[in-house]
Amino acid sequence: MFDALKQFVEELVGGHTAERHFDETDHRLAAVALLVHAMQIDGTIEDTEKAMLAELVRERYGLDARDAATLVAEAEEKNAEAVDLYSFTSVLKRALDDEHRQEVVKMLWRIVYADGNVHEFEDNLVWRVAELIGVSSRDRIRIRKEVEGDIGQD
């Protein structure tokens, strides 16, 4: 309802809303917004993080480069508008089963490790997201070790 009111007001004042390709209830948009947040939270965005984000979006969601770029752009907008993590985590908790929520945590760890440096803000973000989407501490730590192991094998 808030979105409808917002759109109505924007139309009244002559503003144009950009056409969205991914609905706010789309778990992909919520997950990628969290990945964008993870990429930005330490204050620097490295090329390796951008490349990892693009790879994860294409790989995980089977999107071509154009659709992946659209999803990332819309996720960046949603992240910039967000005041907390709940708007994203609530969508994920409702839409995904445990296995797929763990996959979101794995994607977060992959973004965190993309620049080779784990910042305390990034670590804390993954912990908070995991808690909010119902991924146990045990699973979060196991997934982190899996990602660390994958990096060590490169």
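Checked against (1) exposed (fewer than 14 other Cβ atoms within 10 Å of the Cβ); (2) closer than 20 Å to Thr25 by Cα; (3) not hydroxyl-bearing (Ser, Thr, Tyr), Arg101 meets all criteria but (1). Please work out if Val72 is crowded, with 16+ Cβ neighbours inside 10 Å, free of Cβ contacts under 8 Å to residues at least 40 places away in the same chain, touching a helix residue (DSSP H, G or I) at 6+ places or on another chain (Cβ under 8 Å) and in a helix (DSSP H, G or I). The answer is no for Val72. Mind checking which residues of region 115-141 are over 26 Å from Glu46 (Cα atoms) and either part of a helix (DSSP H, G or I) or in contact with a Ser or Thr (Cβ under 7 Å, 6 or more places away or on another chain) (or both)? Passing the criteria: Glu131, Leu132, Ile133, Ser137, Arg138, Asp139.
From the list Lys78, Lys93, pick out the single residue that is among the charged types (D, E, K, R), within 14 Å of Val36 (Cα to Cα) and touching a residue at least 24 places away in the same chain (Cβ under 8 Å).
Numbers: Lys93 fails: within 14 Å of Val36 (Cα to Cα).
Only one candidate qualifies: Lys78.
Note on region 82-91: residues that are in a helix (DSSP H, G or I) and surrounded by fewer than 21 Cβ atoms within 10 Å (Cβ to Cβ) amount to 3.
For region 108-122, indicate whether the set of residues that are closer than 17 Å to Glu59 by Cβ and not hydrophobic (A, V, I, L, M, F, W, C) is non-empty. Yes, some residue in region 108-122 is closer than 17 Å to Glu59 by Cβ and not hydrophobic (A, V, I, L, M, F, W, C). Every condition in (1) surrounded by fewer than 14 Cβ atoms within 10 Å (Cβ to Cβ); (2) at pLDDT below 95 is met by Leu63 except one, and the failing one is (1). When the test is whether a residue is buried (at least 18 other Cβ atoms within 10 Å of the Cβ) and touching a residue at least 40 places away in the same chain (Cβ under 8 Å), Val135 does not pass it.
Among the residues of region 75-102, those identified as in contact with a helix residue (DSSP H, G or I) (Cβ under 7 Å, 6 or more places away or on another chain) and closer than 20 Å to Ala54 by Cβ are Ala75, Glu76, Lys78, Asn79, Phe88.
Hey, could you check region 11-60 for residues that are of a type in the set (S, T, N, Q) and within 17 Å of Val112 (Cβ to Cβ) and say which is modelled with the lowest pLDDT?
Pass one, region 11-60, residues of a type in the set (S, T, N, Q): 17, 25, 40, 44, 48.
Next cut, within 17 Å of Val112 (Cβ to Cβ) only: 40, 44, 48.
Details: Gln40: 95, Thr44: 90, Thr48: 94.
Checked region 11-60; the qualifying residue modelled with the lowest pLDDT is Thr44.
Condition check for Arg144 on (1) without any contact (Cβ under 8 Å) to a residue 24 or more places away in the chain; (2) more than 23 Å from Phe22 (Cβ to Cβ); (3) assigned to a helix (DSSP H, G or I): one failure, at (1).
The values are calculated or read from the model by the stated rules, or taken from the named source; none is laboratory data. The structure presented is a predicted model; accordingly, all values stated were derived computationally and were not measured. When we count neighbours, we look across all protein chains shown, and the Cβ atoms used for this are built from the backbone with ideal geometry, even at glycine.
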